[in-house]
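Report on the following structure.
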């Protein structure tokens, strides 16, 4: 099993997209990239902690590759809007890839570069590629939120 961590706006929809993939063993929503230890949702919503809403994906690399996870990442959000996804505005909704290894870093950078060169996103990609440090699991009511609300 390996881990991948992505920020692409509100974590509820991102979680659902990754849960649907064969080879993904688990997905947890949470916070990463900020300065406060163990932030709460209310803390992160202030925009003052520096955390992004993220998903931490546990996956079997024999069944799904990191490159395939990256493709989903690019396709489920707009990586050209700084600190915004749809109606959600703030640094907590930024586009970011938190890499867990040098191999993931290289693949993320190559993927971003190829998207830019291909002109897929003519407005330019603002996605951060940064080292994974600490993932803080969000409160339980956020986990599988859409499933709990009857939306799959």
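The values are calculated or read from the model by the stated rules, or taken from the named source; none is laboratory data. Computed from a predicted structure; not experimentally measured. Because the Cβ atoms are built from the backbone with ideal geometry, glycine has one as well, and the counts that use them run over all protein chains shown.
Quick check, is residue 26 in contact (Cβ under 8 Å) with a residue 12 or more places away in the chain and not in a helix (DSSP H, G or I)?
Yes, satisfied.
Could you give every pair whose Cβ atoms fall below 7 Å, whose first residue belongs to the stretch 118-142 and is at positive phi and in contact (Cβ under 8 Å) with a residue 40 or more places away in the chain, and whose second residue is part of a loop (DSSP other than H, G, I, E, B) and surrounded by 13 or more Cβ atoms within 10 Å (Cβ to Cβ), counting only separations of at least 6 or pairs across chains? Close Cβ pairs (under 7 Å, with a partner that is part of a loop (DSSP other than H, G, I, E, B) and surrounded by 13 or more Cβ atoms within 10 Å (Cβ to Cβ)) amount to 124/80. Of the residues making up the stretch 105-128, those that are touching a strand residue (DSSP E or B) at 6+ places or on another chain (Cβ under 7 Å) and more than 13 Å from residue 52 (Cβ to Cβ) number 4.
Of the residues making up the stretch 46-54, one or more are without any contact (Cβ under 8 Å) to a residue 12 or more places away in the chain and more than 16 Å from residue 77 (Cβ to Cβ).
Could you please find all residues in the stretch 33-47 being in contact with a helix residue (DSSP H, G or I) (Cβ under 8 Å, 6 or more places away or on another chain) and over 23 Å from residue 104 (Cα atoms)?
Result: 36, 41, 44, 45, 47.
Inspect the stretch 48-68 for any residue being crowded, with 16+ Cβ neighbours inside 10 Å and more than 16 Å from the chain's Cα centre (by Cα) and give the result as yes or no. For the stretch 48-68, residues crowded, with 16+ Cβ neighbours inside 10 Å and more than 16 Å from the chain's Cα centre (by Cα): present.
Of all residues in the stretch 58-74, those satisfying the criterion of being without any contact (Cβ under 8 Å) to a residue 60 or more places away in the chain and closer than 23 Å to residue 31 by Cβ are 58, 59, 70, 72, 74. Report whether or not residue 133 is in contact with a strand residue (DSSP E or B) (Cβ under 9 Å, 6 or more places away or on another chain), surrounded by fewer than 14 Cβ atoms within 10 Å (Cβ to Cβ), at pLDDT 95 or above and within 15 Å of residue 3 (Cβ to Cβ). Spelling it out, residue 133 is indeed in contact with a strand residue (DSSP E or B) (Cβ under 9 Å, 6 or more places away or on another chain), surrounded by fewer than 14 Cβ atoms within 10 Å (Cβ to Cβ), at pLDDT 95 or above and within 15 Å of residue 3 (Cβ to Cβ). Just one of (1) without any contact (Cβ under 8 Å) to a residue 40 or more places away in the chain; (2) in contact with a strand residue (DSSP E or B) (Cβ under 9 Å, 6 or more places away or on another chain); (3) under 30 Å from residue 42 (Cα atoms) fails for residue 98. It is (1). Counted as qualifying within the stretch 48-152 are the strands (runs of 3 or more DSSP E) with 1 or more residues that are closer than 19 Å to residue 13 by Cβ and touching a helix residue (DSSP H, G or I) at 6+ places or on another chain (Cβ under 8 Å), namely 52-59, 95-99.
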